[in-house]
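Down below is the structure, laid out as structure tokens.
The values are calculated or read from the model by the stated rules, or taken from the named source; none is laboratory data. Values in this document were obtained by computation on a predicted structure and should not be read as measured data. Cβ placement follows ideal geometry from the backbone for every residue including glycine, while neighbour counts extend to all protein chains displayed.
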Amino acid sequence: MSSNQTFTVHVNGAQPRASTNSLTGAPPSRIGSTEDAAAASADPSKRNRDAGRLRVALLVSIDRNAPPAPQGAPYDILAELDSEKTAYSYAAALLSRGYDVQAHEGNVHLPEWLAAWQPDICFNVCEGFVGESREAQVPGILEMMGLRYTGPGPLAAAITQDKPTTQRILHYHGIRIPLFQVFESPDDTPRADFAYPLFVKPAHEGTGMGIRNTSIVRNERQLRDQVAWTIESYRQPALVESYIDGKDITCGLVGNGNDVHFFPITEVDFSAYPPELEPIYGVQQKLDYADCYRNKCPAPLGDKLTAEVRRLTHQVFKVTGCRDYGRVDFRLTDDGKLYVLEINSLPGITPHSDLTLMAEAEGWTHADLVCAVLDAALKRYGMAEFSPVAVLNGSRAA
Ligand SMILES: Nc1ncnc2c1ncn2[C@@H]1O[C@H](COP(=O)(O)OP(=O)(O)OP(=O)(O)O)[C@@H](O)[C@H]1O
Ligand SMILES: [Mg+2]
């Protein structure tokens, strides 16, 4: 990455100089440039650190840093990753609260960089590039290094990355989920109580990856074809569920324990998508036809159902061990039954993500949302005096 870019995410473990960000909220000229690295010292005592400011390490998985996709990989293979522009929006939010922010890619060089810069807390939004527990990789490093960080630990990240594992836990807790079965091969025998239509998706992906019209299967031939395509394209088992005909509902929160804030619940409105697309919130709706996205926020559910969606969201958040923020996706049938589809323990918080739109629906800015996540983590670590709110109000000792 060249150092003349306006924003750079550090990728090679080398140390930047102390950041030059001001308390004015003005964006930095660059963050953690590789040019600075050569001049910087790995000895924290020698660095020109602004001791009064909280050091926040922004940890990101940037699409352009991803390893080359395997031959024949589907077009949505990088859909979970952030662009540099998005990473900048996170940095800008944190900088606007006056923190000392540096950014690094969530790669093998991260431990070296963290050991040298010694952040007070990490803002981790790393999706990871490869592996069935890719979202758990950076939390694992941070846990091993004894560092503080936002979002799920490695256990919750791995559990929630894997939809079948999540479903087993929810089932244990009596939470309604679709009937499901994991297919390791297209030749597996479908469970006897399955009734078509069924729904096929990759076992551990997100952002609608591998979810398209053909995910709805109406007979055994379609089932076997879709399972075969899913396993081959995404190199992982296929999760087959009963197809729940109903509305797409999603509910987000920030906070921990009983100190949580629920955002207005969203219902996806499928009316503006091309008619040939099935009413499912898959990759075509999320990426190809993003401009056709419409929603009802708050969803017109009435008080009782709204309370139930929130109660379930909170329960799913707690039993899967999530932290700081989360978003639970449901299907709601015409006869009022709620089915949990999944929890996103690292929900998208780009300026265009569902969670951001929910927050904006009640007057928050994107920066408010990013800072609320950091705030939740700081409170969890007993560091409320560094919370963005305290910093903004000037209540923190300089
Ligand atoms: N069992 C099901 N029955 C009906 N529709 C389903 C089912 N599972 C998934 N869907 C549809 O596919 C969409 C995406 O499913 P899911 O939330 O599991 O995928 P994801 O890629 O993890 O999503 P996200 O973008 O939230 O990470 C749902 O919002 C819903 O429209
Ligand atoms: Mg989802």
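Data table
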| quantity | calculated |
| --- | --- |
| Helices (runs of 4 or more DSSP H) completely within segment 135-240 that count 3 or more residues being away from ligand 1 (no atom under 16 Å from the Cβ) and surrounded by 15 or more Cβ atoms within 10 Å (Cβ to Cβ) | 220-234 |
| Tally of residues being surrounded by 23 or more Cβ atoms within 10 Å (Cβ to Cβ), over 19 Å from Ile169 (Cβ atoms) and of a type outside the set (Ser, Thr, Tyr) across segment 325-365 | 5 |
| Selected residue (only one of Pro197, Pro178, Pro190 is touching a residue at least 40 places away in the same chain (Cβ under 8 Å), over 24 Å from Ala290 (Cβ atoms) and under 25 Å from the mean Cα position of the chain (by Cα)) | Pro178 |
| Residue within segment 80-98 that is of a type in the set (Val, Ile, Thr), more than 16 Å from ligand 2 (Cβ to nearest atom) and either in a strand (DSSP E or B) or in contact with a strand residue (DSSP E or B) (Cβ under 7 Å, 6 or more places away or on another chain) (or both) present | no |
| Qualifying residue in segment 255-278 (condition: surrounded by fewer than 17 Cβ atoms within 10 Å (Cβ to Cβ), at pLDDT 95 or above, of a type in the set (Asp, Glu) and over 22 Å from Pro178 (Cα atoms)) | yes |
